[in-house]
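See structure below.
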Amino acid sequence: MHLFSLLRALVLTIPISLAHLGAWAQDTLAHVAKTGEFRLGHREKSDPFSYKDPVTGQVQGYSVEICTKIYEELKKELKRPDLRLTYVLVDGKNRLTDVKNNVVDVECGTTTNTQERQRDIAFSHHVFIATTAFLVRKNSGIKTIDDLQGKRIAVERKTTNDSLLAANERTYHRKFNYVPVDSTEQGLAALTRGEADAVFADDASLWSPMTRLGKAMDNYQFLEKRLSIEPYSIGLRRQDPKFKELVDQVTRRMIQTGEMAALYKKWFNSDQGSLPMSIFMREALKRPSDVGVEQIVF
């Protein structure tokens, strides 16, 4: 597919259909007003997007900051300056069901907005665009995906990356040996310890843990081939148009005022260098969209 055709498919602003609504609608605004609490679902180690600082215990990250902006908007909308912000830990296995089952009000991490997932939860505008990549040691002799045949690949359980890897096996008749992990950071650790020959994850999620390797960061490289484009969005419950509009109002404003671009610069710079903003991310910051992508194996 031509690059710009792919971009158009990714960022065209098409409203999510409100067809097939259930018998009743969610009302997050009413629930938050009644309880006096806004529950923010975060990840343990998905930095720089969503993580708990091991020293301070503070929950922080790129996605978390966007969700705190939603919290601030809620306080204004509900006229509740006393509204509590509660951080709730979610993981790769339960993060979508925790949104759906009212355990958290928003899921703030690295969740890809797909058409399939939109059957279970709703999503904000895209807040980040990542690509899926294989990271290997430079001296491993691994240059292409074909070189990974029979190799050990660390991949996070029950994610779009896990599914993409399996789809690539089926489509191209390859066989990988899976090393299941619970976070991107764990995947990188498996690679550095020699327990995996590659780690397969979103490039942006790998970048931050890699910077902590210091000079050893130069010992690793991404394979040129990428398997998909992954638009991250904030997750929220379906059938809740009032809350969806509030969330979209916040993310749209952040995109249009340049606040989202400034947030990118804040979180994707380090002493080891900066993560260049991709053409896909630049397009997402021009045209706010909540369209779910269809997972296609490149």
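Read the figures in this text as sums done on the coordinates, not as results from a lab. On a predicted model such as this, the values are computed, not experimentally measured, just so you know. Glycine gets a Cβ as well: all are built from the backbone with ideal geometry, and neighbour counts include every protein chain shown.
Against the empirical 2.2 N^0.38 Å scaling, what ratio does the C-alpha Rg of the chain come to?
1.00
Relative to the present Cα-Cα distance, how much length would full extension add between residue 162 and residue 120 at 0.36 nm per residue of separation?
Working: separation 42, 0.36 × 42 = 15.12 nm, distance 1.87 nm.
Full extension of this stretch gives 13.2 nm more.
Relative contact order of the chain, please, whole-number percent, based on alpha carbon pairs below 8 angstrom and at least 6 residues apart.
Taking the mean separation of contacting Cα pairs over the length of the chain, I get 29 percent.
For residue 151, which aspartates and glutamates qualify as cross-link partners when the Cα separation must be under 18 Å and same-chain residues fewer than eight apart are set aside?
162, 169, 195, 197, 224
Considering only DSSP beta bridges where both residues belong to segment 131-222, give the percentage that are antiparallel (nearest 5).
Roughly 50 percent of the DSSP beta bridges within segment 131-222 come out antiparallel.
For the pair residue 88 and residue 55, what calculated FRET efficiency results from E = 1/(1 + (r/R0)^6), where r is the Cβ-Cβ distance and R0 = 25 Å, to the nearest 0.05?
Working: r = 21 Å, r/R0 = 0.84.
Taking R0 as 25 Å, the efficiency between residue 55 and residue 88 is 0.75.
Rank by packing, highest mean first: peptides 89-101, 58-70, with packing defined as the count of other Cβ atoms within 10 Å averaged across residues. Intermediate values should be presented prior to the final figure.
Numbers: 89-101: 18.2, 58-70: 21.8.
Going from most to least packed, we get 58-70, 89-101.
I need the shape label for segment 147-298. Rule: rounded when a/c is under 1.5, else prolate if a/b > b/c, else oblate, with a, b, c from the alpha carbon gyration tensor.
Note, shape of segment 147-298 comes out oblate.
Between 276, 251, 216, whose Cα lies farthest towards the positive end of the dipole of segment 144-298 when Lys and Arg beta carbons carry +1 and Asp and Glu beta carbons carry -1, centred on the Cα centre?
Checking the options against the dipole of segment 144-298, the answer is 251.
If you scale each eigenvalue of the Cα gyration tensor by 5 and take the root, what three semi-axes come out for segment 71-166, rounded to whole angstrom and sorted largest first? Present the calculation step by step, with values, prior to reporting the outcome.
Numbers: eigenvalues 272, 42, 32 Å².
Its equivalent ellipsoid spans semi-axes of 37, 14, 13 Å.
Quickly work out the residue 139-to-residue 271 label distance, labels modelled 7 Å from Cα along the C-beta direction, and quote it in nm with one decimal.
2.4 nm
Could you sort the peptides 204-211, 149-156 by per-residue average Cβ neighbour count (10 Å cutoff), highest mean leading?
204-211, 149-156
If one takes the longest principal axis of the Cα atoms in the chain, at what angle in degrees, from 0 to 90 and to the nearest 10, does the Cα axis of helix 241-256 lie?
Around 60 degrees separate the two axes.
Quick check for me: using +1 on Lys/Arg Cβ and -1 on Asp/Glu Cβ, what's the dipole size of the chain about its Cα centre, in debye to the nearest 20?
So the dipole magnitude of the chain works out to roughly 160 debye.
Provide, for q = 0.14 Å⁻¹, the log10 of I(q)/I(0) from a solvent-free Debye sum over equal Cα point scatterers in segment 131-222.
-0.43
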